[in-house]
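Remarks on the structure that follows.
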């Protein structure tokens, strides 16, 4: 009797990871894209608050940005993805190991984007300490939270205006200091929490309090596209991606690679970018005339202008750089009353034009 083997069914080759819509293929929303790129170049800009209509591509753009970023070196056995070459981005444990002369195992890892759910508890966000294990075994048993997972990555909070104010405070404190500290029953543990904080929301559902809004480095407003031709293009691009994700990604691979290399070069150039003294004085004059509380507005505008100059391959900030970022950095700092609406940008640009002696904006535009 002749036995014939059945032909085994062909198993499709699966992509290594789920396809994400490419950042370079996103049509419009230039204000949001610029703010996100500048925060990637210099995370100390302080994050982005994106407010806009439903269905305008906020989440898609942020996921696309995380996917665009190059892989980074991490300490392989460290739960906080410590940077093996920068002590400022190391956990205390890794720093101790390095001081003892230990050789750190290094691995490559994609930049992480962490979605923070609205119902998250403080323990889930900050992490928890196992008190029983700490007391019985004498070790600091720490269960890392979302802040630990987001270290050296992006922490995205959708509908941040609906998040509990206390949690928003925790996120902003960690984003500003770069560290998260958990204390319980006399036991204290801290770990690095350097991340780009991105919040989004719909103005119809309420604004953040001015005190919290001021803590975000930049504020981007996005609107539903009205031009029918542009709307058709957006729909066509999305449909093409949904039909053949891998083929669509291959067509945009060269643009993605070019932008990725540009971001890496900008990060390397950033430390050598200078802002002339006269320009710094004029930036502070704009903040003073707009009656911006505190000095965050001055600091963020300087940082964002330097990041933009680095992105464009220059080591000197120009007036045009400042003009392109000043609205993003200041308009959300003008609200004194929670019932006020955020300035569209006209007021900021008008004062900027007066101080810097450039053409004032068209109020109708």
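Remark: spin-label model distance residue 312-residue 260 equals 2.6 nm, labels positioned 7 Å along the Cα→Cβ axis. The residue 96 and residue 143 beta-carbon pair, evaluated with R₀ = 30 Å, returns a calculated FRET efficiency of approximately 0.90.
In terms of the mean number of neighbouring beta-carbon atoms within 10 Å, the peptides 153-160, 323-330 order highest first as 323-330, 153-160.
Here the simple spin-label model places points 7 Å from the Cα toward Cβ, and for residue 85 and residue 358 these points are separated by 3.5 nm. When the helices of the chain are scored as -39500 (n - 2.57) per DSSP H run of n ≥ 4 and the total is divided over every residue, the value at 222 nm lands at -12500 deg cm²/dmol.
A protection proxy built from the mean count of other Cβ atoms within 10 Å ranks the segments 267-276, 102-111, 58-67, most packed first, as 58-67, 267-276, 102-111. Hull volume per residue, based on the alpha-carbon atoms of the chain and their convex hull, is 227 Å³. The spacing between region 262-340 and region 23-68, judged by their C-alpha centroids, is 18 Å. Rounded to the nearest 0.05, the FRET efficiency derived from the C-beta distance between residue 347 and residue 324 at R0 = 25 Å is 0.90.
Here the Gaussian network model covers the chain, with springs between Cα atoms less than 10 Å apart; of 112, 24, 229, 229 fluctuates the most.
Shown here: region 270-356, whose C-alpha atoms stretch 41, 21, 21 Å along the first, second and third principal axes, sorted largest to smallest. What is the spin-label model distance, in nm, from residue 242 to residue 54 if the labels are put 7 Å beyond Cα along the C-beta direction? Label-label distance for residue 242 and residue 54, simple model: 1.7 nm. Between 84, 203, 228, the GNM of the chain built on Cα springs shorter than 10 angstrom shows 228 fluctuating the most.
Taken together, the values in this text are just the output of simple stated rules run on the coordinates, not laboratory data. Nothing here was measured: the structure is a model prediction, and the numbers come from that model. Positions of Cβ are generated from backbone atoms using ideal geometry, with glycine treated the same way; all protein chains shown enter the neighbour counts.
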